1. Roughly how many nanometres apart are two label points built 7 Å out from the Cα toward the Cβ at ILE296 and LEU212?
2. From largest to smallest, what semi-axes in whole angstrom does segment 109-243 give when each is the square root of 5 times an eigenvalue of its alpha carbon gyration tensor?
3. Which whole number of Å³ per residue matches the convex hull of the alpha-carbon atoms in the chain?
4. Quick one: order TYR46, TYR58, TYR86 by neighbouring beta-carbon count within 10 Å, fewest to most.
5. Would you mind computing, in nm to one decimal, how far apart the modelled labels at ARG32 and GLU251 are, each placed 7 Å from Cα along Cα→Cβ?
6. Where in the chain is the longest stretch that carries no GluC sites (Glu not before Pro) classed as loop by DSSP and with at most 12 other Cβ atoms within 10 Å?
7. Quick check on my link table: of LYS96/LYS157; LYS33/LYS96; LYS33/LYS293; LYS60/LYS146; LYS77/LYS228; LYS60/LYS293, which ones sit more than 23 Å apart, alpha carbon to alpha carbon?
8. Given points 7 Å out from each Cα along the Cα-Cβ axis, report the ALA14 to GLN176 separation in nanometres with one decimal.
Amino acid sequence: MALNDRENEEISIARPKWPIKFANQSVDCVGRKLKRIFDQNASSDYFTSDEIRDYSYYEKLLLQELEAIDRKISKGKLKPSHIAEYPRVIHADEGKIRACIYIGSFDPFQLTHLTVAMRFLASDLSSSDFVIIVPEGSPDTAKPLKTDYAFRYSIAKMQIEGIFDSFIKALDLGMQADTIEIIRRFIAMHSGFTLELTHLIGSDSLPIAASLISQDMLIWRKEAQESKVDYHHSLYVIQRGDVPEMHSYLEAFEKEGIQVVVDPFSVEAPSSSDFRTKQAYTIVLPTNSIREKMEIIFRYHMHRSWSSDRH
């Protein structure tokens with residue numbers, strides 16, 4: 001993955017230098033767990049230099065975002081959240097929840113998605129305190145070979161739970177549901193609260209999102225009224241690939257009174273299709289549970305390095 005002026009940097013095998021301690025405890029906790037994962041990669045007896053290079057690339061990006069999140073918390077612009085038991089237990093400051101929802105096929109969820117979520121939280125342009133990850137579970141004729149929803153959800157959870165608990169959480173809300181239904185379900189969970197929800201999307205999804213937003217808002221506002229939720233909707237756009245001309249699409253959101261933020265950084269990264277078609281498994285965060293599933297692949301070199309195409 002690359003972000004604007006960083007996108008042409010040489011992918012180096014050199015690992016970044018982690019700080020001894022972050023200023024904020026919640027960030028320090030995430031940092032220690034992430035560093036331990038990448039340390040395990042470097043000390044593994046079966047990862048080659050190509051795999052270490054792949055992982056060190058993302059390690060640097062995640063560290064940069066953690067450092068930015070640490071600064072943002074210190075400025076009082078982001079509040080670490082108690083979301084380990086969310087939504088069964090909801091902690092709200094003066095009854096207000098500032099959440100972001102990130103929905104996609106996530107086939108599979110991987111380090112690019114993690115970096116996008118962390119980039120969002122690190123940005124001074126975002127106002128959410130945490131990100132909710134939800135794989136879409138509705139049938140998709142454009143993706144007939146999409147992996148079973150339950151498996152995609154479990155793979156996302158394996159890379160998030162117990163590591164990013166103050167900032168990112170995978171929620172099982174997507175079974176047989178598209179984006180409209182997932183957000184409706186999410187709104188319904190917050191009866192009696194003020195919900196400031198930011199919908200995080202890639203610019204490649206902007207045309208379809210713009211075409212449906214009027215219909216979507218009717219459904220979401222109706223649910224908010226019935227569930228007694230003071231609902232506020234905004235959109236945050238991450239630039240992906242060939243960015244479409246945005247002005248006409250953004251007008252559709254403005255007509256609905258929706259604030260739209262376009263992140264100034266663009267994202268060029270290995271995609272989930274690299275995982276499926278190139279066997280580039282080094283785009284998935286190798287937590288212990290992920291390593292258990294994939295160790296045989298690495299030991300017998302039944303895969304490729306995604307960064308090898310760039311040399």
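Read-outs throughout are calculated quantities, based only on the coordinates presented, and are distinct from any laboratory measurement. Owing to the predicted nature of the structure, the values given are computational and were not obtained by experimental measurement. Every residue, glycine among them, receives a Cβ derived from its backbone with ideal geometry; neighbour counts consider all protein chains shown.
1. 3.8 nm
2. Numbers: eigenvalues 94, 70, 60 Å².
So the three semi-axes of segment 109-243 are 22, 19, 17 Å.
3. Details: hull volume 41.5 nm³, N = 311.
So the per-residue Cα hull volume is 133 Å³.
4. Details: TYR46 12, TYR58 22, TYR86 18.
Sorted ascending by nearby Cβ count, the order is TYR46, TYR86, TYR58.
5. 5.4 nm
6. Numbers: sites that count: GLU9, GLU10, GLU85, GLU94, GLU245.
Between exposed loop sites, the widest span is 95-244.
7. On the way: LYS96/LYS157 26 Å; LYS33/LYS96 29 Å; LYS33/LYS293 19 Å; LYS60/LYS146 31 Å; LYS77/LYS228 27 Å; LYS60/LYS293 25 Å.
Over 23 Å Cα-Cα: LYS96/LYS157; LYS33/LYS96; LYS60/LYS146; LYS77/LYS228; LYS60/LYS293.
8. 5.5 nm
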